[in-house]
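*Asks:* Submitted below is the structure of interest, expressed as structure tokens.
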Ligand SMILES: [Zn+2]
């Protein structure tokens, strides 16, 4: 009797571990998709930040930062991805969805994520000077609001951070010597 219970417990632990590994692999896969979006922003000379929204293991919304191109503060990666996901789902409520973003969301995007009732948010790197998902404050998990999201941090962190530092060092070089980049 006791043996059977122990065996069942071990099987349960093994299954939980397998599920955690499966989820970690999926998180990496979707963060790489968010990174692809960030690269689109870099191609436009925008700060490279990318986002995807996933529902049932399917990407239903993609977005990348286009703030300068669109001349709009609303053109953050997350807002675009949320808008597209809403169109696919046919509802502003994105329950059951996971949002992947390469950089910790700002106050506007964290607010929109809570408003949309997104289940889970997965982040690449943190943004100590502007992030509102754990750095300055954690809007995604305030008990005072009617919704809290599950949060995972540090997925593909190095890659997400590298794309930003490369962008900014390239920008500094171009500012110092405009002839380096003739397209700029
Ligand atoms: Zn934002």
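Read the figures in this text as sums done on the coordinates, not as results from a lab. Just so it is clear, the structure is predicted and the values come from calculations on it, not from any experiment. Cβ coordinates were reconstructed from backbone atoms using ideal geometry, including for glycine residues, and neighbour counts include every protein chain displayed.
*Asks:* I'd like the orientation of helix 2-43 relative to the chain: the angle between its Cα long axis and the longest Cα principal axis, in ° from 0 to 90, rounded to 10.
*Replies:* 10 degrees
*Asks:* Return the single residue from 139, 123, 108 with maximal mean-square fluctuation; model: Gaussian network over the chain, springs between Cα atoms under 10 Å.
*Replies:* Maximum among the listed residues: 108.
*Asks:* Which one of 99, 164, 137 has the biggest mean-square fluctuation once the chain is modelled by GNM with Cα springs under 10 Å?
*Replies:* Comparing 99, 164, 137 in a Gaussian network model of the chain, the most mobile one is 137.
*Asks:* Related question: Looking at the chain only, what percent of DSSP beta bridges run antiparallel? Nearest 5 please.
*Replies:* The antiparallel fraction comes to roughly 60 percent.
*Asks:* Moving on to the next point. Averaged over all directions, how much area does the convex hull of the C-alpha atoms of the stretch 1-86 cover when projected, in nm²?
*Replies:* One quarter of the hull surface, i.e. the mean projection, equals 7.0 nm².
*Asks:* Still on this model: Between residue 25 and residue 108, what is 0.36 nm times their sequence separation minus the Cα-Cα distance? Round to one decimal in nm.
*Replies:* 27.0 nm is the gain from fully extending residue 25 to residue 108.
*Asks:* Within 10 Å of each residue's Cβ, count the other Cβ atoms and sort 163, 136 from fewest upward.
*Replies:* Going from sparsest to densest Cβ surroundings: 136, 163.
*Asks:* Once you have the Cα-Cα distance between residue 165 and residue 71, take 0.36 nm times their residue separation minus that, and quote the gain in nm to one decimal.
*Replies:* Once the chain is fully extended between residue 165 and residue 71, it gains 31.5 nm.
*Asks:* Work out how far the C-alpha atoms of the chain reach from end to end along every principal axis, then list the three figures in whole Å, largest first.
*Replies:* For the chain, the Cα extents along the three principal axes come out at 78, 32, 30 Å.
*Asks:* Order by neighbour count: 70, 119, fewest other Cβ atoms within 10 Å first, most last.
*Replies:* In increasing order of surrounding Cβ atoms, one gets 70, 119.
*Asks:* Please report Rg (one decimal) and Dmax (integer) in Å for the Cα set of the stretch 22-66.
*Replies:* 11.0, 35
*Asks:* For a quick check: sort 53, 88, 114 by the number of other beta carbons within 10 angstrom, fewest at the front.
*Replies:* Sorted ascending by nearby Cβ count, the order is 88, 114, 53.
*Asks:* Sticking with this one: With n ≥ 4 as the cut-off for DSSP H runs, can you work out [θ] at 222 nm for the chain, using -39500 (n - 2.57) per run divided by the number of residues, rounded to the nearest 500?
*Replies:* That calculation yields -16000 deg cm²/dmol at 222 nm.
*Asks:* Using only alpha-carbon positions, what ratio does the radius of gyration of the stretch 95-184 give when scaled by 2.2 N^0.38 Å?
*Replies:* 1.34
*Asks:* Only Cα pairs within less than 10 Å get springs; with that Gaussian network setup on the chain, which residue of 33, 104, 57 has the largest fluctuation?
*Replies:* Of 33, 104, 57, the Gaussian network model singles out 57 as fluctuating most.
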